[in-house]
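Below is one structure, written out as structure tokens; comments come after it.
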Amino acid sequence: MNQPLQPRPPLPPFTHETAIQNIRMAEDAWNSHDPERVSLAYTPDSQ
């Protein structure tokens, strides 16, 4: 779980298409019900 944080595409600045892609990737991770995968969407300082 202590993996180095590396940027994952799509990266800002977002276009309409990459914003939709980013949202779908987050939804897919959340819907997987896999805590390890969901945790990758957050940074250590997320609140």
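Give me the extension gain from ALA41 to ALA19: residue separation times 0.36 nm, minus the current Cα-Cα distance, reported in nm with one decimal.
Net length gain for the segment: 6.5 nm.
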Estimated distance in nm for a label pair at LEU11 and SER32, the labels positioned 7 Å out from Cα along Cα-to-Cβ: 2.1 nm
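Computed from the coordinates by the stated procedures, all read-outs in this text should not be read as laboratory data. Since the model is a prediction, treat every value here as computed from it, not as a measurement. All Cβ positions, even for glycine, are placed from backbone atoms using ideal geometry, and neighbour counts span all protein chains on display.
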